[in-house]
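The values are calculated or read from the model by the stated rules, or taken from the named source; none is laboratory data. No experiment lies behind these values; they were computed from the predicted model shown. Virtual Cβ from ideal backbone geometry, glycine too; neighbours counted across all protein chains shown. Just so you know, the surface numbers come from the protein's heavy atoms only, side chains and all, with ligands and any DNA or RNA stripped out. Shrake-Rupley method; radii C 1.70, N 1.55, O 1.52, S 1.80 Å.
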Amino acid sequence: MLEICMLASGSSGNAIYIAAGETKLLIDAGLSGRRIANALTAIGADAASLSALLLSHDHVDHTCGAGVMARRYGLPVYATAPTWQAAGKALGNIAPEQCRLLPNCGTITLGALTVETMPVPHDAADPVGFIVRSAKRAAALVTDLGHVTPYILQRLQAVDCLVLEANHDEEMLLQGSYPWPLKKRILGAKGHLSNELAAESLTKVINAQTKHVVLAHLSEENNCPQLAYDTVCCRLERTGQLNQVTVQVAKRHQPSCHLRLA
Ligand SMILES: [Zn+2]
Ligand SMILES: [Zn+2]
């Protein structure tokens, strides 16, 4: 069984729990160590039994609890070399034997799980997306990207569960209160994925294997869960793909979208 749970999602902090058998991974640790441990307890998991922590990129909403988690639970931490360089100081002291290198386009095996990485277009040092596979099931975890490249579309084909960013509604962002340089950054090719782009990408990757869609990393100011959900579902309804999948929206501050894929 492949178990996936969004512990928290959005610019206020990201962490995803994904596990198979005794292998229990934390993808990103962008909230305090205490909040991550509490979220794990709330879903019946245990921070002390985590196997490893993997970082998608160096932004603080993905890394601010990583140092504490590594030290408190003796976790090996996997990140690409540029991510280590960019985030290293903020992570504080982590024992050298716990600091592991992640390729930005490759595969590592951690116990019962295989983790594949792919580069994503985002304004960080060396951001990656993940495909995590157990013996039978696979989940793609792709947030923090300005657009979906043909390569990413191709990689997202053979998975059972797609966790994809639906950051903002373009109209809400343009009409909202953010200063123009920030709007430009978010809308840019290395910014964040809009509801519309997420919906369009999903129409290109949902196939007979895809069963679950989780919309993640929603903006608090420039999106709302119902709007992200409606935008995506409306699009998938038109293409006849909606009846194939469940669509859920990850919650910002509490565990959500707890999936167990048999
Ligand atoms: Zn982020
Ligand atoms: Zn980011």
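Structure above, values below:
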item	result
Counted residues, region 12-54 - those being away from ligand 2 (no atom under 16 Å from the Cβ) and either outside any loop (DSSP other than H, G, I, E, B) or among the charged types (D, E, K, R) (or both)	25
Verdict on Asp28 being touching a Leu at 6+ places or on another chain (Cβ under 7 Å) and surrounded by fewer than 23 Cβ atoms within 10 Å (Cβ to Cβ)	no
Selection status of Thr203, of a type in the set (Ser, Thr, Tyr), closer than 22 Å to Ala125 by Cβ and without any contact (Cβ under 8 Å) to a residue 40 or more places away in the chain	no
Filter result for Leu173 (open to solvent by 10 Å² or more (accessible area, probe 1.4 Å) and in contact with a helix residue (DSSP H, G or I) (Cβ under 9 Å, 6 or more places away or on another chain))	no
Matching helices (runs of 4 or more DSSP H) fully within region 55-168 where at least 2 residues are crowded, with 23+ Cβ neighbours inside 10 Å and within 16 Å of ligand 1 (Cβ to nearest atom)	60-63, 81-91
Cross-chain or 6+ apart pairs with Cβ under 6 Å, region 92-118 first and modelled with pLDDT under 95, then part of a loop (DSSP other than H, G, I, E, B)	none
Selection status of Glu200, of a type outside the set (Lys, Arg), over 21 Å from Val159 (Cβ atoms) and surrounded by fewer than 22 Cβ atoms within 10 Å (Cβ to Cβ)	no
